[in-house]
There are 2 protein chains.
Amino acid sequence: MAKINVSEVEGDIDYREEMEKFGIEDIDKFLSQMKDLPVMYRRGLVFGHRDFEKIFEAIHLKKRFATLTGANPSSSLHIGHKLFLDQALFFQSRGADVFIPISDDESYVFKKTESLEKATQNAMEKVIPDIIACGFQRKNTNIFISTKTARVYELAVKLSTKATFSTMKAIFGFDNETNPGAIFYGVTQSSHILFPQLEEHGGPRPVVVPIGVDQDPYMRLVRDIAQKVGMVKPSSTYHKFLPGLLGGKMSSSKPETCILLTDAPDVARRKIMRAFSGGGATLQEHREKGGNPDVDVAYQYLFYIFEESDKKIGEIREQFKNGSMTSGEIKDYLAKKVERFLKSYQKRRVKAVKQVDKFLIR
Amino acid sequence: MAKINVSEVEGDIDYREEMEKFGIEDIDKFLSQMKDLPVMYRRGLVFGHRDFEKIFEAIHLKKRFATLTGANPSSSLHIGHKLFLDQALFFQSRGADVFIPISDDESYVFKKTESLEKATQNAMEKVIPDIIACGFQRKNTNIFISTKTARVYELAVKLSTKATFSTMKAIFGFDNETNPGAIFYGVTQSSHILFPQLEEHGGPRPVVVPIGVDQDPYMRLVRDIAQKVGMVKPSSTYHKFLPGLLGGKMSSSKPETCILLTDAPDVARRKIMRAFSGGGATLQEHREKGGNPDVDVAYQYLFYIFEESDKKIGEIREQFKNGSMTSGEIKDYLAKKVERFLKSYQKRRVKAVKQVDKFLIR
């Protein structure tokens, strides 16, 4: 089974090793030349890239470019998914057209939903409102459902002759028992990524796809295919995975591991207060020896997402390390930020439910 | 490579053996109860069936049913293709809704056309007008292009989880070098066949697909899949292959082997006059020993398609066998019929070119 979701990556990852293995480059040289970056870029959550030159140039010369991030409609979105969308939002703010394929086909052929109808329904009722509420501009955001958009299959057919079952097997780990839908999904995914380069969307252009390193094999496939069909090889950026609340991975199917974008603020607070902590075993021990911010989940959420102020995050780190701030206090501080975020997000989401048709393209 | 086209079947076929091997039944018991049958049914061109009871019943009880026959847009249609369409026309005259998928995807993934665009263009400019001109009623004829109709991929995805790569390999002869588009086409073809049973077309109902025995493996696949998704297992009828003009198979890419529906009448006549003959080696020998109508191509075209009158075809057979009618005279007689047919067909085709959009569904 293909590892397609962030939530399926387990264990600790040595990002430096991954970068060397796959030829992913450090993104700092570009980021250091860009202003007003969101915290995820300023603080190293996004660490690597492939072919980002094209995107950097497009931003600076105000040339046409696009960004793309997909969503799987098997469940509601959580904070981990939002990291992808936030990157798309960032590129939109720098001039990109945004494309968001909703892969109901993937959800069904890999048996994450019991029926294709259920996947499509989830897309319409849950995932697309979840996405819109993140704050995408109506004007240059294109959301499309994979099985409802004829161009997806048409382009996938076109791309399909540029790969073989051998290639797909090596990348996705297919075998004789794999269903033909799953086998074909490999090229459908390439079709999603090259979709922004269709003639009706203005033809070939740079496209940047924010991904996790686990998704890099699919990037290498689509880059290989792109050049065979006369399209621009898509660029990618790589981000670290945020740990789940309990220290392991986030999973929508285990609600206690993650903050869903549709969690009631008090539910989110309760989850945060139970999060894995880097504090001392007892209050006394904590006051004496201090805590470890690098394994404290609440601290990491603040550092990578919720605390904008560099001064404030520095103070928190310091105080947690010297024991003057407790793990409970950090959690409470984070919970307040998350409650505030969810309230305003969920207000936007009420409106977003009615805007689905305006964002959908066919 | 999958054997999908009539034109790919080679050599002599023992139909009785094929029937026994695949469990295809004799269709005579149904045909003998039906009136005003076209010659192809009266004279045994259509010889077998699978599950025709449902269709026989639907015709007699005037229940909803459909017929389906596909076309591959890699080339223009010839007389051999017309045999499929004539059967669809016959079922339409008995109350069926007609569905005609144009598989531009198949054409491209099996490399019969150099590009998908070329296949789609051929469909619009050549094959669809060719089909309409056969005389389909506007009202209940639905032509659709596989990559232009979102429902095709959507249904194919739904069906795809009911098969495995093993199954597809066994039926289509795929290997590791097969491209993912070709692998998926196996289920796309099932999607075409089950398309008339979609809710938007009124839901499950009997569907009859006229095929050659070489296509039976795909029928068995789609029948198996149909029952797994709560649709009616499609029925099929089987017809013999007419020989090409030179005695081998017909192939659009070898124009001398077949009469194209777009051949100028005089071109068709010239091809017929050069057809493989069952007459004597010399006129004298023919007059003495007579000819063999069963290998005479012109005679077979008359018998199975162009000579409506049972009396007349009986006379021709007799006179050819006893040598009083020459092979040249049979060819001339056929050529006149074909010229008349092509003139009236091509008049309809001029109109058909403008009707493409009216017959297309999306």
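The numbers here are math on the coordinates, done by the rules we state, and not lab data. Note that the coordinates shown come from a computational prediction; the quantities given were computed from them, not determined experimentally. All Cβ positions, glycine included, derive from the backbone under ideal geometry; neighbour counts span all protein chains shown.
At-a-glance table
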| read-out | value |
| --- | --- |
| Position A:Q33, label points 7 Å along Cα→Cβ, spacing to each other copy in nm (shortest first, one decimal) | 8.1 |
| Intensity falloff of region B:263-349 expressed as log10 I(q)/I(0), Debye formula with alpha-carbon point scatterers, at q = 0.16, 0.22 Å⁻¹ | -0.59, -1.00 |
| GNM flexibility winner over chain B from B:K82, B:K347, B:K240 (Cα, springs under 10 Å) | B:K347 |
| Inter-copy label distances at A:Q121 (7 Å, Cα→Cβ; nm, one decimal) | 4.5 |
| Other copies of A:E288: label-to-label distances in nm, shortest first, labels 7 Å along the beta-carbon direction | 12.5 |
| Considering only the protein assembly as shown, percent of DSSP beta bridges that pair antiparallel, nearest 5 | 30 percent |
| Formal net charge of residues neighbouring A:R269 (Cβ-Cβ distance under 15 Å; K, R +1; D, E -1) | +2 |
| Theoretical gain in end-to-end length, A:K35 to A:K62 [0.36 nm per residue, Cα-Cα removed] | 8.2 nm |
| Unit charges on C-beta of K, R, D, E only; dipole of chain A, Debye | 1260 debye |
| Convex hull volume per residue for region B:213-362, taking Cα atoms only, in Å³ | 162 Å³ |
| Theoretical FRET efficiency, 1/(1+(r/R0)^6), r = Cβ-Cβ of A:K254 and A:K347, R0 25 Å, to 0.05 | 0.40 |
| Projected-area mean, the protein assembly as shown, by convex hull of Cα positions, square nanometres | 35.5 nm² |
| Cut-off 9 Å between beta-carbons: net charge of the residues surrounding A:R223, Lys and Arg +1, Asp and Glu -1 | +1 |
| All Cα pairs of region B:23-112, percent lying beyond 14 Å | 70 percent |
| All lysines inside 26 Å of A:K337 as judged from Cα atoms, apart from same-chain residues fewer than 8 positions distant | A:K35, A:K82, A:K126, A:K240, A:K249, A:K254, A:K271, A:K311, A:K312, A:K321, A:K347, A:K351 |
| Kirkwood Rh, angstrom, chain A [1 / mean 1/r, Cα pairs] | 21.3 Å |
| Exposure proxy ranking, count of Cβ atoms within 10 Å, fewest first, for B:L342, A:L261 | B:L342, A:L261 |
| Residues A:S191, B:S74, B:S160, B:S252, sorted so that the one with the fewest Cβ neighbours within 10 Å comes first | B:S252, B:S74, A:S191, B:S160 |
| Two-site label geometry, A:L198 and B:E177: point separation in nm, points 7 Å out along Cα→Cβ | 3.3 nm |
| Three semi-axes of the equivalent ellipsoid, region A:165-209, Cα gyration tensor, whole Å, largest first | 28, 10, 7 |
| Over region A:80-203, volume per residue of the alpha carbon convex hull, in Å³ | 125 Å³ |
| Residues of region A:74-109 with amide N under 11 Å of the 7 Å Cα→Cβ point at A:Q137 | A:91-98 |
| Footprinting exposure proxy for B:D296, B:D14 (fewest neighbouring C-beta atoms within 10 Å first) | B:D14, B:D296 |
| FRET efficiency, 1/(1 + (r/R0)^6) with R0 22 Å, evaluated for A:K312 and A:K354 via beta carbons | 0.05 |
| Residue of B:F276, B:F99, B:F30 that the Gaussian network model of chain B assigns the largest fluctuation, springs spanning Cα pairs under 10 Å | B:F30 |
| Cα-projected label distance for A:M273 with A:Q121, points at 7 Å along beta-carbon direction, nm | 3.6 nm |
